[in-house]
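Student: Below you'll find the structure I mean.
The values are calculated or read from the model by the stated rules, or taken from the named source; none is laboratory data. Keep in mind the model is a prediction, meaning the values are calculated, not measured. As a convention, Cβ positions derive from the backbone with ideal geometry for all residues, glycine included, and neighbour counts pool all protein chains shown.
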Amino acid sequence: YSMPDGMFTPHGLIVNPDGGLTSVGYLKYDKETKRWGTGVAVRTTTGEMDENGFIWSEAIIIADSDTQYSWDFQEPYGIYNDDGVLIVVMRSDKGLYQCELQPGETKFSAWHKIAFVQESPAHMFRHSSGVMVMTYGYRGIYVDPLTGKTVSYTERNKDPTLGIRVRLSYDGGLTWTQEII
């Protein structure tokens, strides 16, 4: 089924606490400006469908690179915690960022950085113990804070620390441990 407003997401749908569905994604890449579109979240309340597919809510802006940020957010991932808070993580050329959407709200919290290098997109899940787990790839690239240019730490195949990183959350994704290699 088509997503609203040309929305794209590399991940699947999320089951809402109320049994409906949520999708976090972003609008398509603009070849003229060479930027990804606005990050958005949409929800259903019951999972009902019509002849065009799921019936979605109005889009809730996650991040708008044209008005709020000087960089592009890409490949968002979302998960609900036990309190019904939607935790969204998006990568950008400046790091891995997170924001939250409280139940019943229509505006996400301010973004905060949770990783300081350019990472691949995050994936989150709840372990059977209740601990939330976030995994992401480490590519060995960072943005030099003095020049703003992307710099490689080492030659790609010679860095033994490249690979998958993990962070754990014991408070429903509101804070994360230091990364584990």
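Student: Can you name the residue in segment 86-109 that is at pLDDT 85 or above, under 14 Å from the mean Cα position of the chain (by Cα) and part of a loop (DSSP other than H, G, I, E, B) and is also nearest to residue 21 (Cα to Cα) among such residues?
Tutor: Top of the filtered list is 108.
Student: Run residue 43 past the list (1) at pLDDT 70 or above; (2) surrounded by fewer than 18 Cβ atoms within 10 Å (Cβ to Cβ); (3) touching a Gly at 6+ places or on another chain (Cβ under 9 Å) and report the number of the one that doesn't hold.
Tutor: Of (1) at pLDDT 70 or above; (2) surrounded by fewer than 18 Cβ atoms within 10 Å (Cβ to Cβ); (3) touching a Gly at 6+ places or on another chain (Cβ under 9 Å), only one is false for residue 43: (2).
Student: How many residues, within segment 94-137, are of a type in the set (Ser, Thr, Tyr), farther than 23 Å from residue 164 by Cα and without any contact (Cβ under 8 Å) to a residue 40 or more places away in the chain?
Tutor: The number of residues fulfilling the criteria is 1.
Student: Among the numbered conditions (1) more than 27 Å from residue 58 (Cα to Cα); (2) modelled with pLDDT of 70 or more, tell me where residue 140 comes up short.
Tutor: Single failed check for residue 140: (2).
Student: Continuing with this model, one more query. Take the residues in segment 1-25 that are at pLDDT 80 or above and assigned to a strand (DSSP E or B); name whichever of them is surrounded by the fewest Cβ atoms within 10 Å (Cβ to Cβ).
Tutor: Restricting to residues being at pLDDT 80 or above and assigned to a strand (DSSP E or B), the top hit is 15.
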